[in-house]
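Worksheet: the structure to be examined is printed underneath.
Nothing in this text is a laboratory measurement; each read-out follows from the coordinates by a stated rule. The structure presented is a predicted model; accordingly, all values stated were derived computationally and were not measured. Here the Cβ positions follow ideal geometry from the backbone for every residue, glycine too, while neighbour counts run over all protein chains shown.
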Amino acid sequence: MMLGAGRATKESVIDLAVGVVLHKKVGDYVQAGEALVTIHSNNENVQEVIEKIYSAYQLSDKKVVKPTLIYTEIQ
């Protein structure tokens, strides 16, 4: 919602041109200088979004186990 891709209220306008593309996910190998994400924004002040995304990543020189995405199926 910070970029304008969601609604805070039902009257809020959604900006269909904004969003985030994740290039690297949990367990992916990353080389120095490689892009982790691409941010599409029509807002010139995206620093807060950049900081939130940056803080969500933890880089390590050790291999990590990817978390289970589906725990159970409900029928």
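Computed values, structure above
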| quantity | calculated |
| --- | --- |
| Amide H within-cut-off set for Val37, under 5 Å, with H built and near neighbours excluded | His23 |
| All aspartates and glutamates inside 12 Å of Lys66 as judged from Cα atoms, apart from same-chain residues fewer than 8 positions distant | Asp28 |
| Per-pair calculated FRET efficiency, R0 = 22 Å: Val21 and Val64 via Cβ, rounded to 0.05 | 0.55 |
| Residues Met2 and Val30, FRET efficiency given R0 of 35 Å [Cβ-Cβ distance, rounded to 0.05] | 0.90 |
| 3J(HN,Hα) from dihedral phi, segment 51-68, Karplus parametrisation 6.51/-1.76/1.60, rounded to Hz, x for glycine, proline | 5, 5, 5, 4, 6, 7, 8, 10, 9, 8, 8, 9, 5, 10, 8, 5, x, 5 |
